1. Kirkwood-based Rg over Rh for segment 109-262 (C-alpha set), two decimals?
2. Over 22 Å between Cα atoms: which of LYS102/LYS228; LYS75/LYS102; LYS172/LYS228; LYS181/LYS202; LYS126/LYS239; LYS59/LYS228 fall into that group?
3. For LYS243, which aspartates and glutamates qualify as cross-link partners when the Cα separation must be under 15 Å and same-chain residues fewer than eight apart are set aside?
4. Calculate the FRET efficiency for ILE211 and LYS239 from the Cβ-Cβ distance with a Förster distance of 35 Å, rounded to the nearest 0.05.
5. Ordered by packing density, taken as the mean number of other Cβ atoms within 10 Å over each peptide's residues, highest first, how do 207-217, 69-79 rank?
6. Round to a whole angstrom and tell me the spacing of the C-alpha centers of segment 58-89 and segment 127-206.
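We did not get these values from a lab; they are worked out from the coordinates using the rules stated. Quick caveat, the model's predicted, so the values are computed rather than measured. Don't worry about glycine lacking a Cβ; one is built from the backbone with ideal geometry, like all the others, and counts go over all protein chains shown.
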Amino acid sequence: MGALFNTLISYNMKIKQLTFSIATVALLALQSCAELSKVAKNIEKDKPLTEAEVVRGLKEALKIGSENAASQLSKTDGYFRDNVLKILLPPEADIIVKNIEKIPGGNKLVQDLILSINRSAEDAAKEVAPIFASAITGMTIQDGFAILRGDKNAATQYLRTNTYSRLSNLYKPKINQSLDKKLVAGVSANQSWTTLTSEWNKLAGSTVGQIAGYKKVETKLDTYLTDKALEGLFSVLAKEEEKIRTNPAARVTDILKRVFGK
């Protein structure tokens, strides 16, 4: 009986030793795998960027940046409540504003017009994604390297060059809808602007006006406001690009970390 007991004890000890050995080997294997994985990542990190990676990384950056910019500006008050981005009437409209303010409720009409213009811009921002996406898809290898090595807003400038005309065609009709709304005595902002500038330009072009040094007002209201709206859009996009270039936390995908980490 004693011999059997001793045999069982010896067997249990061997089982425990074997289990410990297996666990040790497994742990060492896991550590080795982790170290190998780390080495592999370091090797991958140190590899020179390929042309394909550069283009893919830049496209990813532009996609994320443009989506963030559009999301910010398309929200209610995206333009209107931002002191920098808020779209105001051009300086030449000061005389219109001053005269309308003399009418009871005139100031509210002006403020309503400005609000409407900004709401139109916010509405247009909801539709910019396909325009940006088209420009991003068309990026070449040469474009990619030029952007990567360019200024901190090189990607934004690329999109500006390749989308401005289409974005203007998107924004301008929406802003014009606001400008065509009837305000005082059934007259719209567009009509008031045309009347104001026409009369002023007659005076500026007369002998008296020329002697006085008056200059004609050539500003087209809808074009001015559309350009202001797009200026705001691209300024937000430039900030998004700068984040990705300078802030590692903004590089939310592996390809962004690899391309911009270089």
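1. Taking Rg over the Kirkwood Rh, I get 1.14.
2. Over 22 Å Cα-Cα: LYS102/LYS228; LYS75/LYS102; LYS181/LYS202; LYS59/LYS228.
3. Answer for LYS243, where 15 Å is the Cα cut-off: GLU60, GLU67, ASP151, listed by chain and number.
4. It comes out at approximately 0.15.
5. Output ranking for 207-217, 69-79: 69-79, 207-217.
6. About 14 Å separates the Cα centre of segment 58-89 from the one of segment 127-206.
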